[in-house]
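What follows is a set of notes on a single structure, which appears directly below.
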Amino acid sequence: MNTLYLSAEDARTPEIAAEIVKSGGLVAIPTETVYGLGANGLDENAVLKIFEAKGRPQDNPLILHVADAGEIVKFCHDIPQAAYDLAQAFWPGPLTMVLPAKDTVPKRTTAGLSTVGVRCPDNAVTREIIRLAGVPIAAPSANISGKPSTTTAQHVLHDHDGNIDAIVDGGACRVGVESTIVDLTEERPRLLRPGGIGPEQLVEVLGDLIVDKAVTAQIDHDAVVKAPGMKYKHYAPQSEVVIVSGSREKAAAYIHAHFEPGDRVLCFEEELPLYDGCAPLSYGQESHVETLSAGLFAALRILDDPGIHRVYARCPVGGGVAYAVQNRLKKAAAFHIIDAEAEA
Ligand code: AMP
Ligand code: MG
């Protein structure tokens with residue numbers, strides 16, 4: 001198959017992409033979070049192609065992308081006021097809400113769950129594609145399952161060139177990590193995945209929030225979890241990733257003491273001078289945490305190289321989007337964290 005390259009700046013792109021969606025094809029779409037691998041979310045056969053192209057386990061549900069908050073009544077029932085409040089505050093934007101699913105949503109999309117994740121992405125071209133297609137677009141991140149997510153069209157082509165119908169190139173993703181997921185189907189709202197909307201922002205609207213254990217710890221492969229995807233290996237380059245926490249100086253001392261040829265250091269731009277001789281790679285500025293979220297997956301892709309033995313990674317502290325960066329890095333490291341302060 002020849003993968004059609006469509007620029008988001010070309011006025012004909014939304015119509016061409018929408019036609020592919022309507023006819024059951026696969027289109028990679030740009031969003032403010034990461035690139036998604038999209039198909040008609042109401043068409044079981046089209047959705048199956050997403051799972052096949054990604055090598056995604058069938059029990060890992062997809063997110064339905066809508067062009068407007070008003071559309072969720074078509075796919076969800078018993079929608080609480082909190083959902084409308086969150087949509088008002090954060091849509092279009094990097095927030096997915098889990099709500100009870102109507103029968104209009106195929107089980108293939110929800111991976112057999114009675115709930116569905118819905119999101120309105122902050123990308124005008126992608127919303128126009130959804131509008132013209134006349135159906136919600138089911139889309140997980142466009143990476144091959146288990147690999148770092150896709151934040152540029154080049155990442156998508158690297159993983160899927162010749163294997164999907166089209167890609168819409170909308171440039172590099174602004175947020176760079178996947179959406180925040182909040183489950184609104186229980187008595188109390190539950191954070192299933194941190195993302196571009198910080199937990200503090202959710203609490204401001206909801207007044208309450210439980211953080212699911214899948215956010216903070218490694219989940220057993222056999223465990224029954226609220227967000228099924230979370231037990232799988234995620235975001236990981238081929239090499240072993242180890243997070244080194246603690247002050248700049250203590251972390252650098254620890255890494256220099258343990259660094260071996262073939263290792264790499266993933267650090268903040270401000271720290272580059274501390275790692276002469278350790279092949280450091282910066283993923284953004286610690287002082288501008290949104291540059292870290294925007295740069296993380298591109299950096300993990302560079303480090304996805306069989307020649308690299310171990311990656312020592314520096315992780316930002318704090319809330320907001322830093323909380324999401326911590327979560328992705330911890331998952332990439334399978335929660336292997338060394339406290340340089342305690343080691344000193
Ligand atoms: P991805 O965008 O590739 O990270 O995949 C979508 C994520 O949304 C997966 O990790 C799913 O576990 C999560 N998700 C989608 N629908 C639901 C749902 N109904 N309940 C819980 N999590 C969901
Ligand atoms: Mg993903």
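Every number in this text was worked out from the coordinates using simple rules, so none of it is lab data. Every value quoted in this text rests on a predicted model; they were computed, and no experiment measured them. FYI the Cβ positions are ideal-geometry reconstructions off the backbone, even for glycines, and counts take in every protein chain you see.
Summary table
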{"read-out": "Qualifying helices (runs of 4 or more DSSP H) (wholly inside segment 272-344; at least 3 residues being among the aliphatic types (A, V, I, L, M) and under 26 Å from SER179 (Cα atoms))", "value": "289-302, 321-332"}
{"read-out": "Among residues of segment 104-120, those that are touching a residue at least 60 places away in the same chain (Cβ under 8 Å) and part of a strand (DSSP E or B), counted", "value": "3"}
{"read-out": "Every pair of residues 6+ apart whose Cβ atoms lie under 7 Å, when the first sits in segment 124-148 and is over 19 Å from ARG174 (Cα atoms) while the second is within 16 Å of ligand 2 (Cβ to nearest atom) and basic (Lys, Arg)", "value": "ILE144/LYS54; SER145/LYS54; SER145/ARG56; GLY146/LYS233"}
{"read-out": "Top-ranked residue of segment 104-123 - restricted to ones that are more than 8 Å from ligand 1 (Cβ to nearest atom) and under 19 Å from the mean Cα position of the chain (by Cα), ranked as nearest to GLU15 (Cα to Cα)", "value": "ASN123"}
{"read-out": "Subset of segment 63-104 that is of a type in the set (Ser, Thr, Tyr) and closer than 25 Å to ASP212 by Cα - its residue that is surrounded by the most Cβ atoms within 10 Å (Cβ to Cβ)", "value": "THR96"}
{"read-out": "One residue from VAL205, VAL135, VAL182 being in contact with a Leu (Cβ under 8 Å, 6 or more places away or on another chain), surrounded by fewer than 22 Cβ atoms within 10 Å (Cβ to Cβ) and not in a loop (DSSP other than H, G, I, E, B)", "value": "VAL205"}
{"read-out": "Residue selected from segment 47-62 under the condition part of a loop (DSSP other than H, G, I, E, B) and surrounded by fewer than 19 Cβ atoms within 10 Å (Cβ to Cβ), by the criterion nearest to ligand 2 (Cβ to nearest atom)", "value": "ASN60"}
{"read-out": "Extreme residue, nearest to the chain's Cα centre (by Cα), among residues of segment 81-103 that are assigned to a helix (DSSP H, G or I) and either within 16 Å of ligand 2 (Cβ to nearest atom) or polar (S, T, N, Q) (or both)", "value": "GLN88"}
{"read-out": "For ALA340: the one exception among (1) free of Cβ contacts under 8 Å to residues at least 12 places away in the same chain; (2) closer than 22 Å to THR216 by Cα", "value": "(1)"}
{"read-out": "In segment 141-156, the residues that are assigned to a loop (DSSP other than H, G, I, E, B), over 13 Å from TYR235 (Cβ atoms) and not hydroxyl-bearing (Ser, Thr, Tyr)", "value": "ALA142"}
{"read-out": "Given (1) among the acidic types (Asp, Glu); (2) crowded, with 17+ Cβ neighbours inside 10 Å; (3) part of a loop (DSSP other than H, G, I, E, B), index of the condition ASP159 fails", "value": "(3)"}
